[in-house]
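To keep things clear, I will list the structure first and then write my remarks on it.
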Amino acid sequence: MPHLEIHDLTVSYEKNKPTLEQFSLDVEQGELLSLLGPSGCGKTTTLRSVAGFIQPDFGQIVINGRDYTYLPPNQRDIGLVFQSYALFPHLTVFYNVAFGLRMRRIPKEEVYKRVTNALKMVGLEAFADRRPAQLSGGQQQRVALARATVIEPQVLLLDEPLSNLDARLRVDMRQEIRRLQQQLGITTLYVTHDQVEAMSISDRVVVMNQGEIEQIGTPESIFAAPETVFVADFMGFDNHFNAAVVSVQDGKLTVNWGGSPIELRWHSKFGSPQPGARAEIFFRADNASLLAGPEARGLAGQVILHTFHGNEVRYLVETEVGEFSIMQDSASERFEPGAAVTVQPHTQKWIAIFEETKQYA
């Protein structure tokens, strides 16, 4: 049985305009599941409903077999880490972490032991007497994590916990959160709009759009095999074009790309596409390469601009099919704006999505 169950959750901020409508989701014991999506997709509303800060219009929230739907937040055995950390500025690190235990009237000796262990786990035992204003952003986030986990909650909720940190510190804190979550085995619901964050930290990822689940799966499956146009676009498939299916034979799908046939692998999860069906073809910037001048295999184009990205150079190339973004190693041949090039496809990682019938290749 799942550890956290959300059944048919409906939440409306405005009459007849539900943010969530019959939203259902299961989270397994000890799993870290991320809710990923753009602003307004319903991910924070889901988390706040589980925390008890929002009362749903309809539905049920069950944790470890107990109905939490209408329990007040202070009666829910839940740890919560806010985007803003929400530390008490007048309390020391020790007493910030101890707050939840003291509210539960845990004996002083037990409070001291558990807080000391929690601070040791996040590497802040030497900072116990400091106040939040004397800490860096990363240290404050560690205090918030220690405070949320020291109560040994049934479920840990994290709402965009790294969005206030700089890029380097976000990487370090992702590893810290994952290490701590696995060490403690806490069932965790993690909200983020950052694809890299969700991919690197999660057991499973739920991609949300307008209050609904677009796709749910492992980070690898979400990254490599998006099932809808929205997921493909959101997960960084920079390039796309519309094409008609020419043929389907021996497990391969053939479409026209600028007058040349290209073969894509397809999967039968949603049935078999038929010749003539319109498909949206997606590929990432590193799933094609540029060659100088015209080539027999590929699509002729012209470089519009290039931008330097350290180890790679990103090119914007105009072709008869459309404009494509192509990423190449910065050590390879450099193409200036106006240069004639050929775009060569690496179709092993290209996908074709049939939105109407939920077919993809």
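The values are calculated or read from the model by the stated rules, or taken from the named source; none is laboratory data. On a predicted model such as this, the values are computed, not experimentally measured, just so you know. Heads up, the Cβs are rebuilt from the backbone with ideal geometry, glycines too, and the neighbour counts pull from every protein chain shown. Heavy atoms of the whole protein, side chains included, go into the accessibility calculation; ligands, DNA and RNA do not. Shrake-Rupley method; radii C 1.70, N 1.55, O 1.52, S 1.80 Å.
For this structure, a couple of remarks:
- Note on the range 100-116: residues that are within 20 Å of Leu184 (Cβ to Cβ) and either without any contact (Cβ under 8 Å) to a residue 24 or more places away in the chain or not in a helix (DSSP H, G or I) (or both) amount to 7.
- Looking only at the range 158-174, and only at residues there that are under 15 Å from the mean Cα position of the chain (by Cα) and part of a helix (DSSP H, G or I), the one that is surrounded by the fewest Cβ atoms within 10 Å (Cβ to Cβ): Val171
- If you go through the range 12-52 and pick out every residue that is within 15 Å of Thr69 (Cα to Cα) and of a type in the set (S, T, N, Q), you end up with 5.
- Flag if Ser34 is among the polar types (S, T, N, Q), part of a strand (DSSP E or B) and in contact (Cβ under 8 Å) with a residue 12 or more places away in the chain: yes
- Among residues that are in contact with a Gly (Cβ under 9 Å, 6 or more places away or on another chain), outside any helix (DSSP H, G or I), of a type in the set (Asp, Glu) and surrounded by fewer than 16 Cβ atoms within 10 Å (Cβ to Cβ), Glu214 is not included.
- Taking the range 274-323 as the range and being surrounded by 18 or more Cβ atoms within 10 Å (Cβ to Cβ) and at positive phi as the test, only Gly298 passes.
- Here Gln141 meets each of (1) open to solvent by less than 60 Å² (accessible area, probe 1.4 Å); (2) of a type outside the set (Lys, Arg); (3) farther than 21 Å from Gln154 by Cα with one exception, condition (3).
- Matching option when the condition is small (Gly, Ala, Ser), surrounded by 15 or more Cβ atoms within 10 Å (Cβ to Cβ), out of contact with any His (no Cβ under 7 Å at 6 or more places or on another chain) and closer than 30 Å to Pro107 by Cβ, among Ala198, Ala148, Ala126: Ala148
- Residue within the range 243-261 that is at positive phi, surrounded by fewer than 16 Cβ atoms within 10 Å (Cβ to Cβ) and modelled with pLDDT of 90 or more present: no
- Sole residue being surrounded by 15 or more Cβ atoms within 10 Å (Cβ to Cβ), in contact (Cβ under 8 Å) with a residue 24 or more places away in the chain, within 19 Å of Pro153 (Cα to Cα) and within 20 Å of the chain's Cα centre (by Cα), chosen from Val50, Val62: Val50
- Cross-chain or 6+ apart pairs with Cβ under 7 Å, the range 81-92 first and free of Cβ contacts under 8 Å to residues at least 40 places away in the same chain, then assigned to a loop (DSSP other than H, G, I, E, B) and surrounded by 15 or more Cβ atoms within 10 Å (Cβ to Cβ): Thr92/Ala128; Thr92/Arg130; Thr92/Arg131
- When Leu9, Leu47 are checked against the criterion of being touching a Phe, Trp or Tyr at 6+ places or on another chain (Cβ under 8 Å) and at pLDDT 95 or above, a single residue qualifies: Leu9.
- Screening the range 282-361 for strands (runs of 3 or more DSSP E) wholly inside it with 2 or more residues that are polar (S, T, N, Q) and either at pLDDT below 90 or farther than 30 Å from Ser272 by Cβ (or both) returns the ranges 299-309, 323-329.
- Test for Gln154: is it of a type outside the set (Val, Ile, Thr), surrounded by fewer than 16 Cβ atoms within 10 Å (Cβ to Cβ), modelled with pLDDT of 90 or more and over 20 Å from the mean Cα position of the chain (by Cα): no
- Test result for Asp8, open to solvent by 30 Å² or more (accessible area, probe 1.4 Å), in contact with an Asp or Glu (Cβ under 8 Å, 6 or more places away or on another chain) and either assigned to a loop (DSSP other than H, G, I, E, B) or closer than 26 Å to Val231 by Cβ (or both): no
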